[in-house]
Amino acid sequence: MKKEITIVGAGLVGSLLSIYLSKRGHKVKVYERRSDMRKEKIAAGRSINLALSDRGLLALEKVGLLDEIKKISIPMHGRFIHNLDGTTAFQPYGKEGQFINSVSRGELNKRLMDIAEKNGVEIFFNEKCTTLDWDKDIMEFENTSAKQVPSSKADIVFGADGAFSAARMQHQIRHDKFDYQQYYIDCGYKELTIPPTADGEFAMEVNALHIWPRKDYMLIALPNLDKSFTCTLFFPFEGEASFSKLDTEEKVKTFFEATFPDAVKLMPNYAKEFFNNPTSSLVTVKCFPWIREDKFALIGDAAHAIVPFFGQGMNCGFEDCRILDELIEKNGDDWKTILQQYQTLRKPDADAIADLAVNNFTEMRDRTADPKFLLQKKIEARLHEKYPDKWIPAYSQVTFSPHIRYSEALKRGQKQEAIMQEVMKMEGIETKWEAEEVEKIVLEKLERR
Ligand SMILES: Cc1cc2nc3c(=O)[nH]c(=O)nc-3n(C[C@H](O)[C@H](O)[C@H](O)COP(=O)(O)OP(=O)(O)OC[C@H]3O[C@@H](n4cnc5c(N)ncnc54)[C@H](O)[C@@H]3O)c2cc1C
(Lines give C-alpha, C1' and ligand atoms only; values in the text may rest on other atoms or scores of the structure.)
Protein backbone atom coordinates (compact mmCIF):
# COMPACT_ATOMS: atom_id res chain seq x y z
CA MET A 1 0.00 0.00 0.00
CA LYS A 2 1.29 3.45 -0.86
CA LYS A 3 1.97 5.67 2.13
CA GLU A 4 2.07 9.40 2.76
CA ILE A 5 5.58 9.96 4.06
CA THR A 6 7.05 13.12 5.53
CA ILE A 7 10.79 13.68 5.82
CA VAL A 8 12.13 16.41 8.10
CA GLY A 9 15.27 17.88 6.50
CA ALA A 10 16.33 18.12 2.85
CA GLY A 11 20.02 17.68 3.57
CA LEU A 12 22.09 14.96 1.93
CA VAL A 13 20.36 12.04 3.62
CA GLY A 14 16.79 13.39 3.61
CA SER A 15 17.06 14.15 -0.12
CA LEU A 16 18.44 10.71 -1.01
CA LEU A 17 15.85 8.99 1.21
CA SER A 18 13.08 10.89 -0.56
CA ILE A 19 14.32 9.51 -3.90
CA TYR A 20 14.36 5.93 -2.59
CA LEU A 21 10.83 6.22 -1.16
CA SER A 22 9.33 7.99 -4.17
CA LYS A 23 10.79 5.33 -6.46
CA ARG A 24 8.74 2.82 -4.46
CA GLY A 25 5.62 4.82 -5.27
CA HIS A 26 5.08 6.54 -1.93
CA LYS A 27 3.85 10.13 -1.75
CA VAL A 28 6.80 11.98 -0.20
CA LYS A 29 6.89 15.49 1.27
CA VAL A 30 10.13 16.99 2.60
CA TYR A 31 10.18 19.97 4.97
CA GLU A 32 13.45 21.93 5.08
CA ARG A 33 14.26 24.70 7.56
CA ARG A 34 16.58 26.58 5.21
CA SER A 35 15.73 28.39 1.99
CA ASP A 36 16.27 26.67 -1.35
CA MET A 37 20.06 26.58 -1.86
CA ARG A 38 19.54 26.18 -5.62
CA LYS A 39 18.33 29.78 -5.72
CA GLU A 40 21.23 31.19 -3.70
CA LYS A 41 24.56 32.35 -5.05
CA ILE A 42 27.63 30.83 -3.42
CA ALA A 43 30.90 32.66 -4.07
CA ALA A 44 33.47 30.70 -6.10
CA GLY A 45 36.12 28.98 -4.05
CA ARG A 46 33.88 28.72 -1.01
CA SER A 47 32.54 25.29 -1.72
CA ILE A 48 32.84 22.87 1.14
CA ASN A 49 33.60 19.36 0.10
CA LEU A 50 33.23 15.85 1.41
CA ALA A 51 34.86 12.49 0.73
CA LEU A 52 32.38 10.17 -0.94
CA SER A 53 33.43 6.53 -0.91
CA ASP A 54 32.12 3.08 -1.80
CA ARG A 55 29.26 2.86 0.72
CA GLY A 56 27.85 6.18 -0.46
CA LEU A 57 28.46 5.28 -4.10
CA LEU A 58 26.65 1.95 -3.73
CA ALA A 59 23.63 3.70 -2.21
CA LEU A 60 23.61 6.19 -5.10
CA GLU A 61 24.02 3.40 -7.65
CA LYS A 62 20.97 1.54 -6.31
CA VAL A 63 18.76 4.45 -7.39
CA GLY A 64 20.61 5.02 -10.65
CA LEU A 65 22.50 8.15 -9.59
CA LEU A 66 26.09 6.92 -9.80
CA ASP A 67 26.97 8.43 -13.19
CA GLU A 68 25.27 11.74 -12.40
CA ILE A 69 27.24 12.17 -9.16
CA LYS A 70 30.53 10.92 -10.62
CA LYS A 71 30.38 13.91 -12.98
CA ILE A 72 30.86 16.24 -10.01
CA SER A 73 33.47 14.13 -8.18
CA ILE A 74 37.26 14.30 -8.16
CA PRO A 75 39.06 11.00 -7.46
CA MET A 76 41.57 11.04 -4.60
CA HIS A 77 43.87 8.01 -4.77
CA GLY A 78 45.70 8.51 -1.50
CA ARG A 79 46.98 10.77 1.23
CA PHE A 80 49.55 13.35 0.21
CA ILE A 81 51.53 14.06 3.37
CA HIS A 82 53.24 17.42 3.89
CA ASN A 83 55.90 17.14 6.59
CA LEU A 84 57.17 20.09 8.60
CA ASP A 85 60.66 19.81 7.05
CA GLY A 86 59.18 20.38 3.59
CA THR A 87 59.37 16.74 2.46
CA THR A 88 56.24 15.12 1.07
CA ALA A 89 55.05 11.53 0.75
CA PHE A 90 52.18 9.82 -1.02
CA GLN A 91 50.32 6.97 0.71
CA PRO A 92 47.82 5.13 -1.50
CA TYR A 93 44.46 4.53 0.17
CA GLY A 94 44.08 1.02 -1.11
CA LYS A 95 44.98 -1.20 -4.02
CA GLU A 96 45.55 0.08 -7.55
CA GLY A 97 42.28 1.53 -8.82
CA GLN A 98 40.78 2.17 -5.38
CA PHE A 99 40.04 5.79 -4.53
CA ILE A 100 37.71 8.08 -2.65
CA ASN A 101 36.00 11.10 -4.21
CA SER A 102 35.96 14.78 -3.37
CA VAL A 103 32.50 16.19 -3.97
CA SER A 104 31.01 19.57 -3.19
CA ARG A 105 28.39 19.26 -0.43
CA GLY A 106 26.25 21.99 -2.01
CA GLU A 107 26.40 20.58 -5.56
CA LEU A 108 25.60 17.09 -4.34
CA ASN A 109 22.67 18.32 -2.26
CA LYS A 110 21.31 20.40 -5.16
CA ARG A 111 21.48 17.47 -7.57
CA LEU A 112 19.75 15.18 -5.10
CA MET A 113 16.96 17.72 -4.62
CA ASP A 114 16.56 18.14 -8.40
CA ILE A 115 16.32 14.39 -8.88
CA ALA A 116 13.91 14.04 -5.95
CA GLU A 117 11.58 16.62 -7.49
CA LYS A 118 11.80 14.89 -10.87
CA ASN A 119 10.58 11.77 -9.07
CA GLY A 120 7.54 13.61 -7.72
CA VAL A 121 8.86 14.53 -4.26
CA GLU A 122 7.50 17.84 -2.93
CA ILE A 123 10.08 19.92 -1.02
CA PHE A 124 8.88 22.79 1.18
CA PHE A 125 11.55 25.33 2.14
CA ASN A 126 11.78 27.70 5.12
CA GLU A 127 9.74 25.16 7.07
CA LYS A 128 11.18 24.43 10.47
CA CYS A 129 9.89 21.40 12.33
CA THR A 130 8.65 22.45 15.78
CA THR A 131 6.28 19.69 16.89
CA LEU A 132 5.89 15.98 16.27
CA ASP A 133 3.19 14.56 18.50
CA TRP A 134 2.27 10.95 17.83
CA ASP A 135 -0.46 10.75 20.45
CA LYS A 136 -2.34 13.67 18.96
CA ASP A 137 -1.17 12.82 15.45
CA ILE A 138 0.12 16.37 14.84
CA MET A 139 3.16 17.70 12.98
CA GLU A 140 3.92 21.40 12.98
CA PHE A 141 6.33 23.33 10.79
CA GLU A 142 6.94 27.00 11.41
CA ASN A 143 7.33 28.90 8.17
CA THR A 144 10.39 31.04 8.84
CA SER A 145 9.41 33.76 6.34
CA ALA A 146 5.59 33.90 6.71
CA LYS A 147 5.66 32.96 10.43
CA GLN A 148 2.71 30.64 9.98
CA VAL A 149 2.53 27.28 11.72
CA PRO A 150 0.24 25.01 9.73
CA SER A 151 -0.15 21.45 10.94
CA SER A 152 -0.07 18.42 8.68
CA LYS A 153 -0.34 14.64 8.85
CA ALA A 154 1.52 11.66 7.48
CA ASP A 155 1.49 7.88 7.79
CA ILE A 156 5.23 7.74 8.47
CA VAL A 157 7.74 10.45 9.45
CA PHE A 158 11.51 10.31 9.04
CA GLY A 159 13.74 12.65 11.05
CA ALA A 160 16.64 13.48 8.71
CA ASP A 161 17.38 16.87 10.21
CA GLY A 162 21.00 16.44 11.16
CA ALA A 163 23.14 16.31 14.28
CA PHE A 164 20.97 18.78 16.24
CA SER A 165 17.74 17.20 15.11
CA ALA A 166 14.46 18.74 16.23
CA ALA A 167 12.69 15.50 15.25
CA ARG A 168 14.95 13.58 17.64
CA MET A 169 14.21 16.06 20.38
CA GLN A 170 10.45 15.60 19.86
CA HIS A 171 10.92 11.83 19.89
CA GLN A 172 12.97 12.10 23.09
CA ILE A 173 10.41 14.28 24.89
CA ARG A 174 7.63 11.81 24.19
CA HIS A 175 9.49 8.54 24.60
CA ASP A 176 9.96 6.80 27.90
CA LYS A 177 13.53 5.60 28.60
CA PHE A 178 15.16 7.34 25.65
CA ASP A 179 18.96 6.94 25.81
CA TYR A 180 20.98 9.90 24.65
CA GLN A 181 24.69 10.63 24.67
CA GLN A 182 26.54 13.50 23.05
CA TYR A 183 30.26 13.96 23.19
CA TYR A 184 32.30 16.91 21.94
CA ILE A 185 35.98 16.41 21.19
CA ASP A 186 38.34 19.12 22.39
CA CYS A 187 39.20 20.11 18.82
CA GLY A 188 37.17 22.33 16.55
CA TYR A 189 37.61 23.13 12.88
CA LYS A 190 37.90 26.08 10.56
CA GLU A 191 37.75 26.16 6.77
CA LEU A 192 40.35 28.03 4.69
CA THR A 193 40.98 28.18 0.94
CA ILE A 194 43.79 27.45 -1.49
CA PRO A 195 42.66 29.24 -4.66
CA PRO A 196 43.69 28.20 -8.21
CA THR A 197 47.13 29.44 -9.35
CA ALA A 198 47.49 32.66 -11.39
CA ASP A 199 47.21 30.59 -14.59
CA GLY A 200 44.03 28.94 -13.36
CA GLU A 201 45.44 25.55 -12.35
CA PHE A 202 45.30 23.44 -9.19
CA ALA A 203 48.04 24.63 -6.83
CA MET A 204 48.87 21.07 -5.70
CA GLU A 205 48.44 17.47 -6.83
CA VAL A 206 44.73 17.24 -7.60
CA ASN A 207 44.01 13.53 -7.15
CA ALA A 208 44.89 13.31 -3.47
CA LEU A 209 43.69 14.28 -0.03
CA HIS A 210 46.43 16.53 1.36
CA ILE A 211 47.37 16.28 5.02
CA TRP A 212 49.71 18.36 7.14
CA PRO A 213 49.91 16.11 10.24
CA ARG A 214 51.26 17.97 13.28
CA LYS A 215 50.61 15.58 16.22
CA ASP A 216 47.90 17.42 18.21
CA TYR A 217 46.31 19.00 15.18
CA MET A 218 46.30 18.92 11.40
CA LEU A 219 45.40 20.76 8.26
CA ILE A 220 43.78 18.87 5.39
CA ALA A 221 42.80 19.92 1.85
CA LEU A 222 40.39 18.42 -0.69
CA PRO A 223 40.16 19.53 -4.34
CA ASN A 224 37.17 21.34 -5.86
CA LEU A 225 35.98 21.36 -9.47
CA ASP A 226 36.79 25.08 -9.75
CA LYS A 227 40.47 24.14 -9.17
CA SER A 228 40.59 25.49 -5.66
CA PHE A 229 41.12 23.37 -2.54
CA THR A 230 39.04 23.62 0.60
CA CYS A 231 41.33 23.29 3.59
CA THR A 232 40.16 22.36 7.06
CA LEU A 233 42.22 23.10 10.13
CA PHE A 234 41.38 20.67 12.96
CA PHE A 235 42.75 22.42 16.00
CA PRO A 236 42.36 22.39 19.82
CA PHE A 237 40.04 24.99 21.34
CA GLU A 238 42.37 25.56 24.30
CA GLY A 239 46.05 25.05 25.11
CA GLU A 240 49.46 26.15 23.89
CA ALA A 241 48.60 25.91 20.19
CA SER A 242 44.86 26.56 20.05
CA PHE A 243 42.09 28.72 18.66
CA SER A 244 41.99 30.67 21.91
CA LYS A 245 45.69 31.59 21.61
CA LEU A 246 45.54 32.74 17.99
CA ASP A 247 43.60 35.92 18.63
CA THR A 248 45.35 38.39 16.32
CA GLU A 249 46.26 38.28 12.62
CA GLU A 250 49.90 38.60 13.54
CA LYS A 251 49.79 35.55 15.82
CA VAL A 252 47.97 33.56 13.13
CA LYS A 253 50.64 34.47 10.57
CA THR A 254 53.53 33.61 12.88
CA PHE A 255 51.94 30.28 13.74
CA PHE A 256 51.04 29.30 10.17
CA GLU A 257 54.41 30.31 8.73
CA ALA A 258 56.19 28.15 11.29
CA THR A 259 53.74 25.22 11.14
CA PHE A 260 52.47 24.98 7.57
CA PRO A 261 55.20 26.82 5.59
CA ASP A 262 54.43 25.24 2.20
CA ALA A 263 50.65 25.67 2.57
CA VAL A 264 50.95 29.34 3.54
CA LYS A 265 52.55 30.13 0.17
CA LEU A 266 49.38 28.88 -1.54
CA MET A 267 46.83 30.60 0.74
CA PRO A 268 46.95 34.34 0.10
CA ASN A 269 43.96 35.11 2.33
CA TYR A 270 44.32 32.65 5.17
CA ALA A 271 44.89 35.23 7.91
CA LYS A 272 41.72 37.12 6.94
CA GLU A 273 39.74 33.92 6.45
CA PHE A 274 40.87 32.73 9.86
CA PHE A 275 38.84 35.50 11.46
CA ASN A 276 36.03 35.70 8.89
CA ASN A 277 35.21 31.99 8.85
CA PRO A 278 33.51 30.40 11.84
CA THR A 279 35.17 28.01 14.28
CA SER A 280 32.92 24.99 14.55
CA SER A 281 32.79 22.12 17.02
CA LEU A 282 32.69 18.38 16.40
CA VAL A 283 30.17 16.17 18.12
CA THR A 284 29.33 12.48 18.35
CA VAL A 285 25.69 11.68 19.06
CA LYS A 286 24.46 8.24 20.07
CA CYS A 287 20.83 7.61 20.94
CA PHE A 288 18.26 4.84 21.25
CA PRO A 289 15.60 3.97 20.19
CA TRP A 290 15.63 5.43 16.70
CA ILE A 291 12.10 4.40 15.87
CA ARG A 292 8.53 4.52 17.12
CA GLU A 293 6.37 1.57 16.08
CA ASP A 294 5.45 1.83 12.39
CA LYS A 295 5.28 5.63 12.47
CA PHE A 296 8.69 7.22 12.89
CA ALA A 297 12.41 6.72 12.38
CA LEU A 298 15.57 8.77 12.71
CA ILE A 299 18.10 8.53 9.88
CA GLY A 300 21.50 10.00 9.00
CA ASP A 301 23.15 12.40 11.44
CA ALA A 302 19.88 12.77 13.37
CA ALA A 303 20.33 9.16 14.48
CA HIS A 304 24.12 9.04 14.65
CA ALA A 305 26.29 12.13 14.24
CA ILE A 306 29.98 11.21 14.10
CA VAL A 307 33.26 13.11 13.84
CA PRO A 308 34.58 13.42 10.28
CA PHE A 309 37.95 11.64 10.55
CA PHE A 310 36.97 8.55 8.62
CA GLY A 311 35.04 10.56 6.02
CA GLN A 312 31.99 8.38 6.70
CA GLY A 313 29.14 10.50 8.14
CA MET A 314 27.35 11.03 4.84
CA ASN A 315 28.42 7.61 3.53
CA CYS A 316 26.87 6.01 6.61
CA GLY A 317 23.65 8.03 6.20
CA PHE A 318 23.44 7.01 2.53
CA GLU A 319 23.97 3.41 3.59
CA ASP A 320 21.04 3.79 6.05
CA CYS A 321 18.86 4.62 3.01
CA ARG A 322 20.05 1.59 1.04
CA ILE A 323 19.56 -0.82 3.94
CA LEU A 324 16.11 0.60 4.69
CA ASP A 325 15.16 0.12 1.05
CA GLU A 326 16.33 -3.51 1.13
CA LEU A 327 14.12 -4.05 4.17
CA ILE A 328 11.15 -2.50 2.36
CA GLU A 329 11.84 -4.89 -0.52
CA LYS A 330 11.90 -7.84 1.91
CA ASN A 331 8.97 -6.91 4.15
CA GLY A 332 6.57 -5.17 1.76
CA ASP A 333 3.95 -3.22 3.62
CA ASP A 334 4.89 -4.35 7.13
CA TRP A 335 6.37 -1.07 8.34
CA LYS A 336 6.58 -2.18 11.94
CA THR A 337 8.98 -4.95 10.93
CA ILE A 338 10.82 -2.73 8.43
CA LEU A 339 11.57 -0.07 11.05
CA GLN A 340 12.36 -2.60 13.77
CA GLN A 341 14.85 -4.43 11.55
CA TYR A 342 16.31 -1.14 10.30
CA GLN A 343 17.09 -0.12 13.88
CA THR A 344 18.41 -3.57 14.85
CA LEU A 345 20.75 -3.67 11.88
CA ARG A 346 21.94 -0.09 11.81
CA LYS A 347 22.40 0.85 15.48
CA PRO A 348 25.48 -1.40 16.10
CA ASP A 349 26.98 -0.27 12.80
CA ALA A 350 26.46 3.41 13.60
CA ASP A 351 28.03 2.93 17.05
CA ALA A 352 31.00 1.16 15.43
CA ILE A 353 31.72 3.85 12.86
CA ALA A 354 31.36 6.52 15.56
CA ASP A 355 34.16 4.83 17.54
CA LEU A 356 36.28 4.18 14.45
CA ALA A 357 35.97 7.85 13.48
CA VAL A 358 37.19 9.13 16.85
CA ASN A 359 40.15 6.73 16.73
CA ASN A 360 41.09 7.77 13.22
CA PHE A 361 41.74 11.33 14.39
CA THR A 362 44.88 10.16 16.17
CA GLU A 363 45.94 8.21 13.10
CA MET A 364 45.52 11.14 10.73
CA ARG A 365 47.01 13.95 12.79
CA ASP A 366 49.83 11.98 14.42
CA ARG A 367 50.63 8.56 13.03
CA THR A 368 50.66 9.40 9.30
CA ALA A 369 54.00 11.16 9.85
CA ASP A 370 55.52 8.27 11.82
CA PRO A 371 57.92 5.99 9.86
CA LYS A 372 56.92 2.96 11.99
CA PHE A 373 53.29 3.51 11.11
CA LEU A 374 54.18 3.80 7.43
CA LEU A 375 56.06 0.51 7.63
CA GLN A 376 53.04 -1.10 9.30
CA LYS A 377 50.83 0.13 6.47
CA LYS A 378 53.30 -1.30 3.92
CA ILE A 379 53.22 -4.71 5.63
CA GLU A 380 49.43 -4.64 5.75
CA ALA A 381 49.17 -3.63 2.09
CA ARG A 382 51.43 -6.53 1.16
CA LEU A 383 49.37 -8.98 3.20
CA HIS A 384 46.22 -7.66 1.55
CA GLU A 385 47.77 -8.06 -1.90
CA LYS A 386 48.77 -11.67 -1.20
CA TYR A 387 45.76 -12.75 0.90
CA PRO A 388 42.92 -10.45 -0.17
CA ASP A 389 40.27 -12.49 1.65
CA LYS A 390 42.17 -13.03 4.88
CA TRP A 391 43.67 -9.61 5.49
CA ILE A 392 41.85 -6.40 4.62
CA PRO A 393 43.32 -3.26 6.23
CA ALA A 394 40.79 -1.53 8.51
CA TYR A 395 40.69 1.56 6.28
CA SER A 396 39.84 -0.58 3.24
CA GLN A 397 37.12 -2.47 5.13
CA VAL A 398 35.42 0.80 6.03
CA THR A 399 36.03 2.67 2.81
CA PHE A 400 36.15 0.17 -0.03
CA SER A 401 34.16 -2.82 1.27
CA PRO A 402 30.50 -1.76 1.47
CA HIS A 403 29.42 -5.34 2.11
CA ILE A 404 31.41 -5.59 5.34
CA ARG A 405 29.33 -4.09 8.13
CA TYR A 406 30.95 -1.28 10.14
CA SER A 407 30.57 -3.40 13.30
CA GLU A 408 32.41 -6.27 11.61
CA ALA A 409 35.10 -3.87 10.34
CA LEU A 410 35.63 -2.59 13.88
CA LYS A 411 36.01 -6.14 15.28
CA ARG A 412 38.29 -7.37 12.50
CA GLY A 413 40.27 -4.14 12.60
CA GLN A 414 40.92 -4.46 16.34
CA LYS A 415 42.08 -8.06 15.92
CA GLN A 416 44.44 -7.12 13.09
CA GLU A 417 45.79 -4.12 14.97
CA ALA A 418 46.66 -6.32 17.97
CA ILE A 419 48.56 -8.67 15.64
CA MET A 420 50.37 -5.78 13.96
CA GLN A 421 51.41 -4.33 17.32
CA GLU A 422 53.19 -7.63 18.04
CA VAL A 423 54.71 -7.81 14.56
CA MET A 424 56.07 -4.27 14.83
CA LYS A 425 57.91 -5.28 18.01
CA MET A 426 59.82 -8.06 16.18
CA GLU A 427 63.54 -7.48 16.14
CA GLY A 428 64.80 -6.16 12.82
CA ILE A 429 61.30 -5.73 11.39
CA GLU A 430 62.56 -2.71 9.39
CA THR A 431 64.75 -4.98 7.26
CA LYS A 432 62.86 -8.25 7.24
CA TRP A 433 59.30 -6.99 6.79
CA GLU A 434 58.98 -8.78 3.45
CA ALA A 435 60.36 -12.08 4.79
CA GLU A 436 58.27 -15.22 4.77
CA GLU A 437 58.86 -15.56 8.52
CA VAL A 438 56.81 -12.40 9.20
CA GLU A 439 54.01 -13.51 6.94
CA LYS A 440 53.87 -16.94 8.59
CA ILE A 441 53.64 -15.44 12.08
CA VAL A 442 50.82 -13.10 11.02
CA LEU A 443 48.81 -15.92 9.45
CA GLU A 444 49.27 -18.14 12.50
CA LYS A 445 48.12 -15.38 14.84
CA LEU A 446 45.15 -14.70 12.61
CA GLU A 447 44.08 -18.36 12.79
CA ARG A 448 44.51 -18.52 16.55
CA ARG A 449 42.51 -15.40 17.55
C1 LIG B 1 33.87 19.21 8.91
C2 LIG B 1 33.07 18.04 8.44
C3 LIG B 1 33.57 17.24 7.43
C4 LIG B 1 32.86 16.13 7.00
N5 LIG B 1 33.39 15.34 6.02
C6 LIG B 1 32.73 14.23 5.62
C7 LIG B 1 33.27 13.40 4.59
O8 LIG B 1 34.35 13.66 4.08
N9 LIG B 1 32.56 12.30 4.22
C10 LIG B 1 31.37 11.97 4.79
O11 LIG B 1 30.79 10.93 4.42
N12 LIG B 1 30.83 12.75 5.75
C13 LIG B 1 31.47 13.87 6.17
N14 LIG B 1 30.93 14.67 7.12
C15 LIG B 1 29.63 14.30 7.73
C16 LIG B 1 28.46 14.75 6.86
O17 LIG B 1 28.53 16.15 6.68
C18 LIG B 1 27.15 14.39 7.54
O19 LIG B 1 27.19 13.06 7.98
C20 LIG B 1 25.98 14.56 6.58
O21 LIG B 1 25.86 15.91 6.20
C22 LIG B 1 24.70 14.07 7.23
O23 LIG B 1 23.63 14.34 6.39
P24 LIG B 1 22.19 14.56 7.01
O25 LIG B 1 21.29 14.80 5.84
O26 LIG B 1 21.87 13.47 7.96
O27 LIG B 1 22.31 15.87 7.89
P28 LIG B 1 22.57 17.37 7.39
O29 LIG B 1 23.47 17.37 6.22
O30 LIG B 1 22.96 18.13 8.60
O31 LIG B 1 21.14 17.85 6.89
C32 LIG B 1 20.08 18.10 7.79
C33 LIG B 1 19.08 19.02 7.12
O34 LIG B 1 17.98 19.20 8.00
C35 LIG B 1 17.64 20.59 8.06
N36 LIG B 1 17.02 20.86 9.36
C37 LIG B 1 17.63 20.96 10.57
N38 LIG B 1 16.71 21.21 11.53
C39 LIG B 1 15.51 21.26 10.92
C40 LIG B 1 14.18 21.48 11.39
N41 LIG B 1 13.90 21.73 12.68
N42 LIG B 1 13.15 21.46 10.48
C43 LIG B 1 13.41 21.22 9.16
N44 LIG B 1 14.66 21.02 8.67
C45 LIG B 1 15.70 21.02 9.52
C46 LIG B 1 18.97 21.30 7.87
O47 LIG B 1 18.78 22.63 7.42
C48 LIG B 1 19.65 20.40 6.82
O49 LIG B 1 19.33 20.78 5.53
C50 LIG B 1 31.61 15.81 7.58
C51 LIG B 1 31.10 16.62 8.60
C52 LIG B 1 31.82 17.71 9.03
C53 LIG B 1 31.26 18.55 10.13
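The values are calculated or read from the model by the stated rules, or taken from the named source; none is laboratory data. As the structure is a computational prediction, the values presented were derived from the model and not from experiment. We place every Cβ from the backbone using ideal geometry, glycine too, and count neighbours over all the protein chains shown. SASA here: full protein model, heavy atoms, side chains in, ligands and nucleic acids out. Shrake-Rupley method; radii C 1.70, N 1.55, O 1.52, S 1.80 Å.
With every protein chain left in place and a probe of 1.4 Å, what is the accessible surface of Thr279, to the nearest 10 Å²?
60 Å²
Within region 263-324, report the trypsin sites (Lys or Arg not before Pro) that DSSP leaves as loop and that have at most 13 other Cβ atoms within 10 Å.
Values: sites: Lys265, Lys272, Lys286, Arg292, Lys295, Arg322; in loops: Lys265, Lys295.
Taking region 263-324 and a limit of 13 other Cβ atoms within 10 Å, the loop trypsin sites (Lys or Arg not before Pro) found are Lys265.
Which residue, chosen from Gly428, Ala394, Leu410, occupies the Cα position most advanced towards the positive end of the dipole of region 370-448, where the dipole is computed from +1 (Lys, Arg) and -1 (Asp, Glu) charges on Cβ about the Cα centre?
The residue sitting most towards the positive pole is Leu410.
Carbon and sulfur atoms: what percent of the 1.4 Å accessible area of the chain do they account for? Mind showing how you got there, number by number?
On the way: 10190 of 20360 Å².
Its accessible area is 50 percent carbon and sulfur atoms.
Where a Cα-Cα gap under 16 Å defines reach, which lysines qualify for Lys128, not counting those fewer than 8 residues away within the same chain?
Reachable lysines: Lys29, Lys147, Lys153.
Measure nothing but the geometry: give the 0 to 90° angle between the long axis through the Cα atoms of 335-365 and the longest principal axis through the Cα atoms of the chain, rounded to 10°.
On a 0 to 90 degree scale, this one is about 30.
Can you tell me how region 43-135 classifies by the Cα gyration tensor, rounded, prolate or oblate, using a/c under 1.5 as the rounded cut? Kindly include the intermediate steps, with their values, before the conclusion.
Working: a/c = 2.46, a/b = 1.90, b/c = 1.29.
It is prolate, given that a/c is not under 1.5 and a/b is the larger ratio.
Name the residue farthest towards the positive end of the dipole of the chain from the options His175, Val264, Ala203, assuming +1 on Cβ of Lys and Arg, -1 on Cβ of Asp and Glu, about the Cα centre.
Projecting each Cα onto the dipole axis, the largest value belongs to His175.
Give the longest segment of the chain that steers clear of GluC sites (Glu not before Pro) in DSSP loops with at most 15 neighbouring Cβ atoms within 10 Å, not counting the sites themselves. Numbers along the way, then the final one.
Values: sites that count: Glu40, Glu96, Glu201, Glu205, Glu238, Glu240, Glu293, Glu427, Glu434.
Longest run free of exposed loop sites: 294-426.
Relative contact order for region 370-448: what is it in percent, counting Cα pairs under 8 Å that are at least 6 residues apart? Display every interim value, and only then the final one.
Details: 36 pairs, mean separation 21.6, N = 79.
Relative CO of region 370-448 lands at 27 percent.
Place a +1 charge on the Cβ of each Lys and Arg in region 370-448 and a -1 charge on the Cβ of each Asp and Glu, then give the dipole magnitude about the Cα centre in debye, rounded to the nearest 20.
Values: 15 positive and 15 negative charges, 60 e Å.
The dipole of region 370-448 has a size of about 280 debye.
Keeping all protein chains in the complex and leaving out DNA, RNA and ligands, what accessible area do you get for Tyr189 with a 1.4 Å probe, in Å² to the nearest 10?
60 Å²
Check cross-link reach from Lys253 to the lysines: straight Cα distance under 19 Å, and skip same-chain residues fewer than eight apart.
Candidates past the 8-residue exclusion: Lys190, Lys245, Lys265, Lys272.
So what's the net charge close to Ile220: Lys and Arg +1, Asp and Glu -1, counting the other residues with Cβ under 10 Å from its Cβ?
Values: positive: Arg79, Arg365; negative: none.
Combined, the nearby Lys, Arg, Asp and Glu give +2.
What number comes out for accessible area per residue over region 353-441 if the probe is 1.4 Å? Units Å², please.
Working: 4400 Å² over 89 residues.
Per-residue accessible area for region 353-441 comes out at 49 Å².
What is the magnitude of the charge dipole of region 182-281 about its Cα centre, with +1 placed on the Cβ of each Lys and Arg, -1 on the Cβ of each Asp and Glu, and no other charges, expressed in debye to the nearest 20? Please list the in-between numbers first.
Working: 9 positive and 15 negative charges, 13 e Å.
It works out to roughly 60 debye.
Give me the net charge for the shell around Asn359: Cβ to Cβ below 15 angstrom, other residues only, Lys and Arg +1, Asp and Glu -1.
On the way: positive: Arg365, Arg367, Lys411, Arg412, Lys415; negative: Asp351, Asp355, Glu363, Asp366, Glu417.
Its environment carries a net charge of 0.
Going down the table (Lys386/Lys425; Lys62/Lys336; Lys295/Lys415; Lys110/Lys251), which pairs top 28 Å between alpha carbons?
Numbers: Lys386/Lys425 22 Å; Lys62/Lys336 24 Å; Lys295/Lys415 39 Å; Lys110/Lys251 38 Å.
Check vs 28 Å cut-off fails for Lys295/Lys415; Lys110/Lys251.
Can you give me the relative contact order of the chain as a percent, contacts being Cα pairs under 8 Å and 6 or more apart?
Working: 809 pairs, mean separation 81.7, N = 449.
About 18 percent, as a whole number.
Nearest 10 degrees is fine. How inclined is helix 313-331 to the longest principal axis of the chain, computing both from alpha carbons?
Relative to the chain, helix 313-331 is tipped by roughly 50 degrees.
Would you please give the residues with an amide H less than 5 Å from that of Asp294, counting only those at least 5 places away or on a separate chain, with H modeled from the backbone geometry?
Under 5 Å from the amide H of Asp294 lies no amide H from a residue far enough along the sequence or on another chain.
Please work out how much accessible surface Met169 shows to a 1.4 Å probe, ignoring ligands, DNA and RNA, in Å² rounded to 10.
100 Å²
Once you order the gyration tensor axes a ≥ b ≥ c over the Cα atoms, which shape class does region 182-281 get: rounded for a/c under 1.5, otherwise prolate or oblate by comparing a/b with b/c? Provide the component values of the computation, followed by the final result.
Working: a/c = 1.93, a/b = 1.51, b/c = 1.27.
Prolate.
Taking the Cα centre as origin and putting +1 on Lys and Arg beta-carbons and -1 on Asp and Glu beta-carbons, what dipole magnitude results for the chain, to the nearest 20 debye? Let's see the in-between values first.
Working: 64 positive and 69 negative charges, 122 e Å.
That gives the chain a dipole magnitude of about 580 debye.
I'd like the orientation of helix 105-118 relative to the chain: the angle between its Cα long axis and the longest Cα principal axis, in ° from 0 to 90, rounded to 10.
Result, in degrees: 30.
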